[in-house]
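See structure below.
The values are calculated or read from the model by the stated rules, or taken from the named source; none is laboratory data. What you are looking at is a predicted structure, and each value in this text was computed from that prediction instead of being measured. Here the Cβ is made from the backbone with ideal geometry for all residues, glycine too, and neighbour counts use every protein chain on show.
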Amino acid sequence: MAAIELVDLKREFRQAKRFDGPFGAVRTLLTGEYTTRTALDDISFAIEPGESVAYLGPNGAGKSTTIKILTGILVPTSGSVRVLGNEPHTHRQENARQIGVVFGQRSQLWWDLPLIDSFDLHQRIYKIAPARFRANLAFCEEVLRMEQFLHTPVRQLSLGQRMRGELAMALLHEPDVLFLDEPTIGLDVLAKDRIREFLKLVNRERGTTIMLTTHDLRDIEELCERIIVVNLGKLVYDGRIAALRERLGSERTIVIEFSDDPGTVEIPHATLVEDRGVRKTFTFNRAEVPALDLVAALPRNLAIADISFEEPSIEEVIRRLYRSMETDGPDKEEIDTWTRGQVVTQ
Amino acid sequence: MNVYVAMIGKSYRKHLVYRSEVWVRIAIGVVWVAIQVAVWTALIGEDEVDGISLSDMITYSIVNTVMALAMMDRSLAELDQRIRSGDIAVDLIKPFHYPLTLVVDGMGRSLFSALFSVLPTLAIAILFFGFQAPASPVNVLGFVVAFVLALSISFALACLVGMLGFYFLATFHFQWALGALRTLFAGTMVPLWFYPDGLRTLANLLPFQHLAFGPAATWMGELTRAEIGRNLGLGALWAAALLGICWWMWARIVRRLVVQGG
Amino acid sequence: MTIGLFCHYFRLRVRERMEYRGAFLIGLVSQGLAYAAGFTVIWVLVNRFGTLGGWVWEEIAFLYALNLMSYAIGAAFTYSQTELEGMVQKGTFDGILIRPLNPYLSLAAQQFNIGYVGHLAIAMSILIWSLGNLAIDWNVANGLFLVLAVIGASLIQAAVLTLLGAWSFTFVRATFLFGFAGTLQTFITYPITIYGATIQVILTAIVPFAFVNFYPASVLLGKEGHLFPGWIGWLTPLVGVVVFWGAYQVWMRGVNRYQGAGG
């Protein structure tokens with residue numbers, strides 16, 4: 001049984017119509033018209049237990065709406081949703097016991113009280129047996145190094161410490177599924193690393209299914225092998241990162257180190273990106289000319305000391321994906337066909 | 001100058017969006033008057049007490065309620081919020097004189113509430129309960145001046161409380177306490193004539209009587225010309241003093257904010 | 001949500017408030033000031049005129065105490081409803097829905113208002129003082145009724161706040177309505193017999209504020225019925241339960257609305 005399963009999930013919102021112009025204010029007052037906005041348009045995917053999935057999309061794509069439906073906050077307009085066999089909105093409390101939720105931008109901790117108090121309350125709410133609670137707390141305390149600030153009021157904690165606390169609390173009741181909505185937002189590099197390490201550990205050792213929305217692409221690289229991308233309410237990509245990178249990342253970088261500065265160098269099929277005398281960086285399109293062919297076509301008279309290739313970062317890949325979703329150029333069509341193919345095979 | 005006029009318009013339109021609120025404000029005003037009229041009917045009925053008749057008290061109630069509606073102010077709660085959150089820094093940067101923008105915003109809201117809350121309430125109240133015309137033009141003039149003074153004093157008091165609240169981080173409580181003092185010493189429900197001597201003397205010394213009792217009594221012609229003059233003079237002194245303190249506190253807050261960096 | 005859990009929330013709320021002891025004390029003082037002022041104004045009125053609608057000062061003080069006490073108890077659980085609009089707008093209400101608890105009780109527990117202890121103390125003193133000066137035949141039945149009437153009255157106050165809170169789920173702006181409810185509540189400061197028939201009917205059958213203090217007090221003081229029979233005061237506890245249950249249903253439906261149409 002899949003941990004999370006969505007089939008043709010649709011969610012529409014109604015908004016009161018606003019009128020412009022000098023009498024606009026009066027018209028808004030008098031009429032009660034609405035416009036309908038489709039936030040989610042027939043989204044379908046399934047996540048198996050133990051998977052760690054990144055849920056991406058530009059702002060307004062429908063990410064938060066999906067998470068809200070999965071956690072039982074919102075009700076879908078149509079379609080089916082199941083989390084660990086439960087329908088979240090009809091079995092909200094049951095679902096709540098089996099999932100953990102961390103909101104990156106909204107705290108669930110008690111602001112003025114020591115961190116441990118929030119944990120204690122959590123234990124009582126979720127009716128966690130004392131022994132299990134202590135064991136889980138000890139585990140989180142150790143991995144996240146929380147002993148120093150466990151008894152500090154939450155308002156005095158740094159953002160990194162607070163996020164660690166939120167994360168620990170969400171796992172105290174050993175949920176099978178963990179939802180994270182931008183968990184590393186605003187954190188410094190060290191804090192982000194700690195959070196990622198912890199999540200990896202939890203996913204590996206406890207088999208907790210993780211679904212994470214984020215704008216930080218390093219999060220994805222570290223934590224998830226599979227990404228699901230939505231845009232304007234529609235599913236755009238669902239599959240392995242490696243595959244996406246391979247397809248979209250047809251641009252490659254080649255860095256050549258020369259024995260001596262050869263001055264201006266022209267390489268067929270490649271564009272100069274950076275010239276540091278002895279060390280020059282070029283880009284080329286791997287689809288047009290394979291790497292080996294490029295190397296074979298290098299001018300013979302050049303005294304080359306070293307050659308290295310660089311892969312495009314996941315950031316670059318996603319950026320190209322987003323850009324393709326905006327423009328309607330030939331690129332987009334190509335990518336559309338290909339990603340749709342990916343969705344089917346997955 | 002045009003900028004400020006435009007801001008009044010904008011403030012007016014901003015308030016226009018909240019349609020349901022308008023009906024409720026009117027309803028609140030009418031209910032206040034209804035309660036007072038019922039109480040005075042039960043207490044005075046056909047008689048006259050201390051020379052005051054029921055229709056006198058009805059007029060008193062209407063005038064006070066209408067003034068209270070006109071003075072209902074929420075921009076100062078916003079001011080406190082903005083000071084606390086630091087958003088005020090943004091306001092201070094803008095090329096407008098901030099306190100003036102507050103006044104202008106208040107004017108926009110007053111315009112809106114005048115059209116949609118105050119006048120309708122007045123009309124309904126007069127329709128249901130009757131009203132007394134002022135005794136003479138002098139009374140009308142006196143009332144207008146008293147009303148302006150009342151607005152100024154009300155504004156100044158709200159400002160002071162807001163700023164004090166900022167120092168003590170307890171605006172809500174201070175406003176509540178201010179409301180309490182107002183209830184007791186402004187004579188909104190019970191005119192100061194009916195107060196026992198001790199309280200009456202105390203009330204005369206405080207600025208609150210200029211918010212309700214003073215203007216209402218002036219309108220009704222229950223004060224002689226000399227008394228009107230004295231009352232206005234005292235009110236003007238209070239207004240000047242309170243506004244002055246406000247100005248001084250505001251300067252200090254700004255300096256403090258600038259020094260502390262919000 | 002068990003009673004034990006609710007008590008735990010209560011303890012946490014007290015500890016939270018005590019973090020800001022200064023503000024809490026200032027709050028108590030200004031509360032005291034506000035109610036003393038309002039109380040004094042009524043005193044000035046009744047003192048000058050002797051009786052109001054046939055009710056003497058001690059009896060009116062009794063009305064005042066019942067109103068204040070039931071508000072303190074009812075609103076301690078439901079003051080959170082006034083904050084609901086803000087929670088909905090900022091998305092913090094989602095935090096309530098994430099938990100495996102009944103959302104109404106969860107909200108009441110999480111935002112339980114400790115501040116009303118001041119109101120309660122003031123109301124208690126006035127109640128004891130006024131009852132001490134009134135000639136009521138006290139026995140077990142009367143005493144029990146008083147307790148049940150206070151509970152019923154508190155339920156009515158809580159119900160009103162709950163209904164207004166439910167409004168926040170459907171309409172964006174609701175805070176001003178609390179002001180209107182407060183104004184309606186002002187009617188019962190005085191014996192409702194001074195008002196016309198329409199008002200009395202509204203306060204009895206539509207928004208039953210009159211059951212908060214007037215009817216139970218009438219019954220205990222042996223007052224005759226006017227528009228309505230004198231004995232309906234005995235129904236106060238029942239009215240409280242019915243009205244609150246209704247408000248609760250509306251509120252829960254409001255949550256459904258939030259989940260369906262909001263976000």
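Worth pointing out:
- B:A212 touching a helix residue (DSSP H, G or I) at 6+ places or on another chain (Cβ under 8 Å), on the phi < 0 side of the Ramachandran plot and free of Cβ contacts under 8 Å to residues at least 60 places away in the same chain: no
- Boolean, C:L107 is closer than 30 Å to A:P88 by Cβ and of a type outside the set (S, T, Y): yes
- Any chance A:V143 is in contact (Cβ under 8 Å) with a residue 24 or more places away in the chain, of a type in the set (A, V, I, L, M, F, W, C) and surrounded by fewer than 21 Cβ atoms within 10 Å (Cβ to Cβ): yes
- Of all residues in the stretch A:96-119, those satisfying the criterion of being facing chain C (nearest Cβ under 8 Å) and assigned to a helix (DSSP H, G or I) are A:A96, A:R97, A:D117.
- Residue within the stretch A:161-168 that is within 14 Å of chain C (Cβ to nearest Cβ), in a strand (DSSP E or B) and closer than 29 Å to A:P58 by Cα present: no
- Of all residues in the stretch A:241-278, those being touching a residue at least 60 places away in the same chain (Cβ under 8 Å) and either assigned to a strand (DSSP E or B) or aromatic (F, W, Y) (or both) number 2.
- Any hit, the stretch C:59-66, residues being farther than 23 Å from C:H119 by Cα and part of a helix (DSSP H, G or I): no
- Every residue from the stretch C:27-58 that is surrounded by fewer than 20 Cβ atoms within 10 Å (Cβ to Cβ), touching a strand residue (DSSP E or B) at 6+ places or on another chain (Cβ under 9 Å), facing another protein chain (nearest Cβ under 8 Å) and not basic (K, R): C:F49
- Spans of helices (runs of 4 or more DSSP H) in the stretch C:76-176 with at least 1 residues buried (at least 19 other Cβ atoms within 10 Å of the Cβ) and polar (S, T, N, Q): C:80-90, C:103-110, C:117-132, C:140-170
- The stretch C:80-96, subset touching a helix residue (DSSP H, G or I) at 6+ places or on another chain (Cβ under 7 Å) and hydroxyl-bearing (S, T, Y), residue nearest to the other protein chains (Cβ to nearest Cβ): C:T82
- Restricting C:Y71, C:Y9 to residues that are more than 30 Å from A:Q93 (Cβ to Cβ), of a type outside the set (D, E) and either under 23 Å from the mean Cα position of the chain (by Cα) or more than 9 Å from chain B (Cβ to nearest Cβ) (or both) narrows the list to C:Y71.
- Near pairs, Cβ below 8 angstrom, 6+ apart or cross-chain, from the stretch A:148-175 (assigned by TED's automatic domain parsing to the domain that holds A:N95) to any residue that is part of a strand (DSSP E or B) and surrounded by fewer than 20 Cβ atoms within 10 Å (Cβ to Cβ): A:L150/A:P114; A:H151/A:P114; A:T152/A:P114; A:P153/A:P114; A:V154/A:P114
- Checking each residue in the stretch C:228-260 for being surrounded by fewer than 17 Cβ atoms within 10 Å (Cβ to Cβ), of a type outside the set (K, R) and within 14 Å of another protein chain (Cβ to nearest Cβ) picks out C:M252, C:N256, C:G260.
- Looking only at residues of the stretch C:177-215 that are within 14 Å of the chain's Cα centre (by Cα) and in a loop (DSSP other than H, G, I, E, B), we find that the one that is nearest to the other protein chains (Cβ to nearest Cβ) is C:T189.
- A count restricted to the stretch A:43-95 and to residues that are β-branched (V, I, T), within 9 Å of another protein chain (Cβ to nearest Cβ) and either without any contact (Cβ under 8 Å) to a residue 24 or more places away in the chain or closer than 15 Å to A:T208 by Cα (or both) stands at 2.
- For the stretch B:122-146, the set of residues classified as surrounded by 21 or more Cβ atoms within 10 Å (Cβ to Cβ) and aromatic (F, W, Y) consists of B:F143 only.
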